[in-house]
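Novice: What follows is a single structure, and I will ask about it in a moment.
The values are calculated or read from the model by the stated rules, or taken from the named source; none is laboratory data. All figures in this text were calculated on a predicted structure; none of them were measured in a lab. Methodologically, a virtual Cβ is constructed for each residue, glycine included, from the backbone with ideal geometry; neighbour enumeration extends over all protein chains shown. Accessible surface is based on the protein model in full, side chains and every heavy atom, while ligands, DNA and RNA are left aside. Shrake-Rupley method; radii C 1.70, N 1.55, O 1.52, S 1.80 Å.
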Amino acid sequence: MDIAHLVATRATCPRRSVGAVLVKDRRILATGYNGAPRKMAHCPIDGGKNDWPLGCLKAGHCIRALHAEQNVLLQAAKIGISCEGADLYVTCQPCNMCAKMIVNAGVAKVIYEGDYPDEFALEIFTESGISLQRYVQPNPDSPRGSP
């Protein structure tokens, strides 16, 4: 999860910084963070309210940036890496759109840290049989860093 937080520092969305790391057999396959698509300007600091022709916020949601989960799956596809059976570490719970993509990509387990208010995403993971686990910060005082 520490690596996912480091990846999140690359996010270009001013509203939220999210990082995702795709792992299989203890090896990092791909990383992703939220932000504007390649070759496009980063999201403006004010969310596009002032003199930004394409804006970012519509009905309170960012429409310019891709989510970290989308970007990690796209990165894996771009470099020809299968997501089948991989684990996904993400700094917050995926939304329902990302959950559907994660299911179709063949990810086996999602480990998330922060909350995101999307109950339908939780239903998607339950129905699809994908393991969804809340990350708990290890206790540094316990043996081998266990919680």
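Novice: Would you mind working out the magnitude of the charge dipole of the chain relative to its Cα centre, with +1 at each Lys and Arg C-beta and -1 at each Asp and Glu C-beta, to the nearest 20 Debye?
Specialist: 560 debye
Novice: Just read off the accessible area of E119 with the full protein assembly in place, 1.4 Å probe, to the nearest 10 Å².
Specialist: 130 Å²
Novice: Provide the net charge surrounding R134, with neighbours chosen by a C-beta distance below 13 Å and charges set as Lys +1, Arg +1, Asp -1, Glu -1.
Specialist: Numbers: positive: K109; negative: E113, D115.
Within the 13 Å Cβ shell, the charges total -1.
Novice: Moving on. How much of the DSSP bridge set in the chain is antiparallel, in percent, rounded to the nearest 5?
Specialist: In the chain, approximately 60 percent of DSSP beta bridges are antiparallel ones.
Novice: So how exposed is K58, as accessible area in Å² (1.4 Å probe, rounded to 10)?
Specialist: Approximately 110 Å² for this residue.
Novice: Can you give the helix-only mean residue ellipticity at 222 nm for the chain, where every DSSP H stretch with n ≥ 4 adds -39500 (n - 2.57) and the sum goes over all residues, rounded to the nearest 500 deg cm²/dmol? Write down the numbers at each step before the final one.
Specialist: Details: 4 runs with 38 residues, N = 147.
After summing the helix terms and dividing by residue count, I get -7500 deg cm²/dmol.
Novice: Just the number, please: carbon plus sulfur as a percent of the accessible area of the chain, 1.4 Å probe, no ligands or DNA/RNA counted.
Specialist: Ligands and nucleic acids excluded, carbon and sulfur reach 52 percent.
Novice: Just the number please: accessible area per residue for the chain, 1.4 Å probe, all protein chains included, in Å².
Specialist: It amounts to 61 Å² per residue over the chain.
Novice: Going from most exposed to least, what order do V23, V90 have by accessible area with a 1.4 Å probe?
Specialist: Working: V23 25, V90 0 Å².
The ordering from most to least exposed comes out as V23, V90.
Novice: Hey, another quick one. What figure in square angstrom, to the nearest 10, would you give for the accessible area of I79 with a 1.4 Å probe?
Specialist: 90 Å²
Novice: Taking a cut-off of 24 Å between Cα atoms, list the lysines near K78, but don't count ones fewer than 8 places away on the same chain.
Specialist: Cross-link targets: K24, K39, K100, K109.
Novice: Work out the charge dipole of the chain with +1 on the Cβ of Lys and Arg and -1 on the Cβ of Asp and Glu about the Cα centre, then indicate which of A20, A99, A76 is farthest towards its positive end.
Specialist: Selected residue: A76.
Novice: Take the chain, drop everything but the C-alpha atoms, weight them equally and run the Debye formula without solvent; then report log10 I(q)/I(0) at 0.12, 0.15, 0.21 Å⁻¹ to two decimals.
Specialist: Relative scattering, expressed as log10 I(q)/I(0), comes to -0.51, -0.77, -1.31.
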